[in-house]
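The values are calculated or read from the model by the stated rules, or taken from the named source; none is laboratory data. From a predicted model like this one, the values you see are computed outputs, not experimental measurements. Glycine gets a Cβ as well: all are built from the backbone with ideal geometry, and neighbour counts include every protein chain shown.
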Amino acid sequence: MTSCEARRFARKRLRALVCAAPAAALALLVVGLSAAGPRAARADDAAEAPAEVPLEIMVLRVSDEPGEPDPRAERVDRLLRGQIAYRSLEVVESQERELPLDDVWTFELPTGQSVLVRPIEADESGTLLALDVEGGLQGDFRVRPGQPLILGGLRQGEDKLVLVVHCR
Amino acid sequence: MSRERFERELEAWRDGELSWLARWRVERRLRRDPEAKRRLAALDAAGRLLREIDADAPAPDVWDAVRLRLPALDARRAEAEAATRRAGLARGLRWSAAGGVAAAAAALALVLRFGGEAAAPEPPPGAVRWLDARGLPMMVLRDDAEATIIWVPEQAPAVRSGATEARHDVV
């Protein structure tokens, strides 16, 4: 290859690099934004992740005996009507707590059974709760604000207990 | 015709390079001039001697000649291919520049539009992620965006409507 051809190739290569440089820079910018977007979102989530989860747990009793409706259980009553046969529903107990993540909230049902609640993670889409009813069911639930978790059927005499978990 | 000019024409006549008129002139002189005949005989002898010398000389090795050319040919071909690659790369870079700008614009639009949530899967509307009733009968009566209702009866309750079948693992 002569020196003239070498210079021509060098000029072509330089022109190609000059043409490609803005596109490469833009591609790097986009890749950076794409990579930084989720990280920023996760960072925002982490920043917005509450240190404590506000939980409300209600214990209700459903009975075949007639009774006065309880306004505190009006929504649960509306949700259960048509699903389960009962005549009255009353609130036995209601508790609220700001529970740190991974802390365990243990309380006792009127039946003597223990209930363990542990928030695993929380974000804007709700709180992932691990719940364990002694001798009963256990599971993991993504509880969202305004979307109650209703666990029922625990027998107490002739009545049945209903556990309602709210995430505020 | 001078002697030098006749000798040039005689050599041309031997090589068959003369026109018909020049050829007729040289042949007429060869018929009439003994000196011209001697000169022609000397040229023939010199020609034979040269052919004999060429015949005795070793024949050139064609493969050696080709082999010596091969590295040069390879080098030249390599240079040409490299130049083609460079030119192709330059063209590719130019095309990739245009394509890269378009793809980058589309990706930027997506990033600006959806941010980091574009790739995030939409979580299911229900709350149940895992469930175990420890062998007890269980019914998930409802699991949607409004509420999750799970019933664990010791005896089968009187379900009126909308109940799903019992299941032990709901993910």
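What to note about this one:
- A:Ile150 vs. criteria β-branched (Val, Ile, Thr), surrounded by fewer than 16 Cβ atoms within 10 Å (Cβ to Cβ) and either in a strand (DSSP E or B) or in contact with a Pro (Cβ under 7 Å, 6 or more places away or on another chain) (or both): no
- Between A:Leu99, A:Leu60, the distinction of being within 14 Å of another protein chain (Cβ to nearest Cβ), under 29 Å from A:Val143 (Cα atoms) and at pLDDT 90 or above belongs to A:Leu60 only.
- Any hit, segment A:54-63, residues being assigned by TED's automatic domain parsing to the domain that holds A:Gln156, farther than 19 Å from B:Thr148 by Cβ and in contact (Cβ under 8 Å) with a residue 40 or more places away in the chain: yes
- Within segment A:117-141, residues that are touching a residue at least 60 places away in the same chain (Cβ under 8 Å) have Cβ atoms under 9 Å from residues that are assigned to a loop (DSSP other than H, G, I, E, B) and of a type in the set (Phe, Trp, Tyr) in no pair, counting only partners at least 6 apart in sequence or on another chain.
- Residue under evaluation A:Glu121, criteria (1) at pLDDT 90 or above; (2) over 24 Å from A:Leu80 (Cα atoms), criterion not met: (1)
- For segment A:140-168, a tally of residues being facing chain B (nearest Cβ under 7 Å) and on the phi > 0 side of the Ramachandran plot returns 1.
- Residue list for segment A:109-139, restricted to those being of a type in the set (A, V, I, L, M), within 11 Å of chain B (Cβ to nearest Cβ) and over 12 Å from the mean Cα position of the chain (by Cα): A:Leu131, A:Val133, A:Leu137
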